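Visitor: Dropping the structure in here first, questions after.
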Amino acid sequence: MFTWIVILIFLALGWHLGRPELKALSQKWFRRQKWIGSLQTKQRAVKLYEDPQDLDRLKKEFKPASDLVKRFEQSSLNVVKQRQVNTPDLDIRLCHVAYWVAEALARGQKAPSSALMTYLSSHFGVAFPIPFIVHLRQNLFEDCSSFLFKFEESLNEAFDLGAPAYRIGFAELTLEDERITVALIQPIYLSVNPFSRHVLGDMGLIIYGESLEMLPLEAWMTRPDGTAQLIPLQRNGSYFSLQLKDRERGIYHIEIMGEGPHGPVVCLNTVVYRSINSPQEFILTEGQMPSRFNWINRRRLYRLINESRELVGQKGLPASRVLQSIAQGYAQEMAELGFASHTSPKGERLNHRTESLKGKAENIFENLAVGVNIDEVHEKLMSSPAHRAAILDAEVTHVGVGICVKKHLVFGVEVFSLMNRPLRLTEDRAELYRLIQRYRREEGQGRLPHEARLEAAALSVARSLVSGECKPHEVNQHAQHFLDQGSNEEGLGLIEVFICQINRVENLPKGEVWLQDQVKSFGVGLAQGASHEPYWAVCVLRLQDQGQKRGLSILKD
């Protein structure tokens, strides 16, 4: 009886947490690495850009069935006619990569992640990312209409990116009474000149080429120690060049990002091996399936982010509800509308989504990816040097993550930001005084004295604004009441109260309130609610007119 009670409790717990978690627990007990695929000897270390004969050899090895070529050509032609664009070029190297994917699928594995695809395609001299992988496993006697429909749908999605050129590769593998068909679609933004993926000793490496469109470009690199950094990119019109100057032995991940019509796009993503051999086999540990509960998925991605930061010596990031709301809203929008871009179909970009953070946050970054589970979403972002740099950035202070699972796909969004730090009252107030005096000095004004009574009034107003006891339109009455309360000293006359919310003292708006000629003295106060909220900065100024008791307030956004 006791055994059955324990079993029922265990099953109820698994249902409460989401059944995938129960499965993940059993996988953790019996964890084992699974081979996702391997390169044959003839395909090892293929250097297409070093020896043109390599490409000729691959062309001879690849002999697709004529009916397969005809089907793909017809499907591509249907999309091209409908959209009135150029026909995608067939790339033999992509066909070899597609065949490798088909072999992996034949062994019962899932389609490889984009990170593994990058490492694999590098062996065939493919330096451009492959964002669209279409595959279908079906009975040998079924027609190919369903696969061709999926291919045309993905081709339309690729054309939506607005790339100037496209390449495709495909392969078909027959296994007993089953047929596995794979197609790869690759948007092309750059024309890259030959370069080697293997660099020996202290040899330099220069990657140069031409942008097919005049896109703004920037280059990123992940070093062997795991750190990501921006590297210089030389531009001369549409031509570009970058140089790998690092001499450390290991694997380098180089990426060129461009600003496309729908936001940032990855134009080049390649792996370079310095003084080491490239791997002959790829190992993939199956990731945990997404849960039925989004808060569990968000918690997992949040944990993966902080674990990655801790590996390189960075502090973990606290979660921000504001950033999480932005990220979750955009993840749901991508899942519902079926797109993955920094610009929504409505034309909204990151600056529109974070408009509420204006003046309260700086250095806002957005990462997004689509995968089959949370681990793959994180892996995709970490394999991209530019996205990796945002995750490991030492300057950001908060993060918000959004996850939406739809049609067996996980849409993930990460928003990072440099938000305010905890208030240090004494130091920040002193800095605020120095800043106001500097503003006056720059405008040719004399030094302005400060008074303890005005400072106490400003601090009282700031704390009341944080607690909610005082509303912004009531600050003058509150300051005047504080000054009059229990005071036997001479009246201060006309006062003026300036209030604003800032996320850093140095972001205090310049304005003209403390540059007025009639200002005689002033006092400042700062107060903050929770550590992730902006400061309330209050400045109480005494004017030269001593005969009045009324005040004015100025509220700055």
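Visitor: If you go through the range 224-253 one residue at a time, how many are assigned to a loop (DSSP other than H, G, I, E, B) and open to solvent by less than 40 Å² (accessible area, probe 1.4 Å)?
Guide: Count: 4.
Visitor: Determine the pairs where a residue that is within 14 Å of residue 416 (Cα to Cα), located within the range 341-359, has a partner that is of a type in the set (Asp, Glu) with Cβ atoms under 6 Å apart, the partner being 6 or more residues away or on another chain.
Guide: Here the result reads 350/366, each pair linking the range 341-359 to a residue that is of a type in the set (Asp, Glu).
Visitor: Sticking with this structure for a sec: Just to check your reading of the model, which residue among 148, 116 is over 30 Å from the mean Cα position of the chain (by Cα) and open to solvent by 10 Å² or more (accessible area, probe 1.4 Å)?
Guide: Of 148, 116, the one residue that is over 30 Å from the mean Cα position of the chain (by Cα) and open to solvent by 10 Å² or more (accessible area, probe 1.4 Å) is 148.
Visitor: Also, I was wondering about something else. Anything in the range 438-461 that is within 24 Å of residue 501 (Cβ to Cβ), in a helix (DSSP H, G or I) and not hydroxyl-bearing (Ser, Thr, Tyr)? List them, or say none.
Guide: Once the filter is applied, which keeps residues that are within 24 Å of residue 501 (Cβ to Cβ), in a helix (DSSP H, G or I) and not hydroxyl-bearing (Ser, Thr, Tyr), the range 438-461 yields 438, 440, 442, 454, 455, 456, 457, 458, 459, 461.
Matching residues to (1) among the hydrophobic types (A, V, I, L, M, F, W, C); (2) buried (at least 17 other Cβ atoms within 10 Å of the Cβ):
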| position | (1), (2) |
| --- | --- |
| 376 | no, yes |
| 387 | no, yes |
| 391 | yes, yes |
| 396 | yes, yes |
| 401 | yes, yes |
| 406 | no, no |
| 414 | no, yes |
| 423 | yes, yes |
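Visitor: Restricting to the range 501-527, and then to whatever is touching a Pro at 6+ places or on another chain (Cβ under 7 Å) and assigned to a strand (DSSP E or B), can you tell me which residue is most open to solvent (accessible area, probe 1.4 Å)?
Guide: Among those that are touching a Pro at 6+ places or on another chain (Cβ under 7 Å) and assigned to a strand (DSSP E or B), it is 501.
Visitor: Consider residue 472 against the criteria (1) over 15 Å from residue 522 (Cα atoms); (2) more than 41 Å from the chain's Cα centre (by Cα): it satisfies all of them except one. Which criterion is unmet?
Guide: All conditions pass for residue 472, except number (2).
Visitor: OK, next. If you check 301, 317, which single one turns out to be within 15 Å of residue 378 (Cβ to Cβ), part of a loop (DSSP other than H, G, I, E, B) and open to solvent by less than 60 Å² (accessible area, probe 1.4 Å)?
Guide: 317
Visitor: Just to be sure before I move on: is residue 517 modelled with pLDDT of 70 or more, out of contact with any Phe, Trp or Tyr (no Cβ under 6 Å at 6 or more places or on another chain) and among the acidic types (Asp, Glu) in the structure I sent?
Guide: Numbers: modelled with pLDDT of 70 or more: yes; out of contact with any Phe, Trp or Tyr (no Cβ under 6 Å at 6 or more places or on another chain): yes; among the acidic types (Asp, Glu): yes.
In short, yes.
Visitor: Here is a follow-up. Looking only at residues in the range 472-508 that are at pLDDT 80 or above and touching a Lys or Arg at 6+ places or on another chain (Cβ under 6 Å), which one is farthest from residue 445 (Cα to Cα)?
Guide: 500
Visitor: I would also like to ask the following. Among the residues of the range 354-374 satisfying the criterion of being within 25 Å of residue 505 (Cα to Cα) and not hydrophobic (A, V, I, L, M, F, W, C), which is most open to solvent (accessible area, probe 1.4 Å)?
Guide: Restricting to residues being within 25 Å of residue 505 (Cα to Cα) and not hydrophobic (A, V, I, L, M, F, W, C), the top hit is 358.
Visitor: If you don't mind, another one. Working carefully through the options 143, 177, 160, find the one that is over 17 Å from residue 257 (Cα atoms), under 23 Å from the mean Cα position of the chain (by Cα) and open to solvent by 30 Å² or more (accessible area, probe 1.4 Å).
Guide: Exactly one residue qualifies, and that residue is 160.
Visitor: Counting only residues that are surrounded by fewer than 15 Cβ atoms within 10 Å (Cβ to Cβ) and in a strand (DSSP E or B), which one in the range 264-293 is modelled with the lowest pLDDT?
Guide: If we take residues in the range 264-293 being surrounded by fewer than 15 Cβ atoms within 10 Å (Cβ to Cβ) and in a strand (DSSP E or B), then 283 is modelled with the lowest pLDDT.
Visitor: Right, here's the next one. Among the residues of the range 119-140, how many are under 20 Å from residue 83 (Cβ atoms) and open to solvent by 20 Å² or more (accessible area, probe 1.4 Å)? Spell out how you get there, then give the answer.
Guide: Here is the first cut: in the range 119-140, the ones under 20 Å from residue 83 (Cβ atoms) are 131-132, 134.
Filter again for open to solvent by 20 Å² or more (accessible area, probe 1.4 Å), leaving 131-132.
Of the residues in that region, 2 qualify.
Visitor: Hey, another quick one. Between a first residue in the range 310-334 that is in contact (Cβ under 8 Å) with a residue 60 or more places away in the chain and a second residue that is of a type in the set (Ser, Thr, Tyr) and assigned to a helix (DSSP H, G or I), which pairs have beta carbons less than 7 Å apart while being 6 or more apart in sequence or on different chains?
Guide: 319/302
Visitor: Name every residue in the range 213-222 that is open to solvent by 40 Å² or more (accessible area, probe 1.4 Å) and more than 17 Å from the chain's Cα centre (by Cα), in order of residue number.
Guide: We begin by selecting, within the range 213-222, every residue open to solvent by 40 Å² or more (accessible area, probe 1.4 Å); these are 213-214, 216, 218, 220.
Once the filter is applied, which keeps residues that are open to solvent by 40 Å² or more (accessible area, probe 1.4 Å) and more than 17 Å from the chain's Cα centre (by Cα), the range 213-222 yields 213, 214, 216.
Visitor: Select, from 256, 296, 207, the only residue that is within 21 Å of the chain's Cα centre (by Cα), surrounded by 14 or more Cβ atoms within 10 Å (Cβ to Cβ) and part of a strand (DSSP E or B).
Guide: So the residue among 256, 296, 207 that is within 21 Å of the chain's Cα centre (by Cα), surrounded by 14 or more Cβ atoms within 10 Å (Cβ to Cβ) and part of a strand (DSSP E or B) is 256.
Visitor: Sort out which residues of the range 370-388 are hydrophobic (A, V, I, L, M, F, W, C), under 17 Å from residue 303 (Cα atoms) and in contact with a strand residue (DSSP E or B) (Cβ under 8 Å, 6 or more places away or on another chain), and write them in order of number. Steps first, answer last, please.
Guide: Filtering the range 370-388 for residues hydrophobic (A, V, I, L, M, F, W, C) gives 370, 372, 374, 377, 381-382, 386.
Adding the requirement that they be under 17 Å from residue 303 (Cα atoms) leaves 374, 377, 381-382.
Those that are hydrophobic (A, V, I, L, M, F, W, C), under 17 Å from residue 303 (Cα atoms) and in contact with a strand residue (DSSP E or B) (Cβ under 8 Å, 6 or more places away or on another chain): 374, 377, 381.
The values are calculated or read from the model by the stated rules, or taken from the named source; none is laboratory data. Nothing here was measured: the structure is a model prediction, and the numbers come from that model. Every residue, glycine among them, receives a Cβ derived from its backbone with ideal geometry; neighbour counts consider all protein chains shown. Remember, those area values only see protein heavy atoms, side chains included, never the ligands or the DNA or RNA. Shrake-Rupley method; radii C 1.70, N 1.55, O 1.52, S 1.80 Å.
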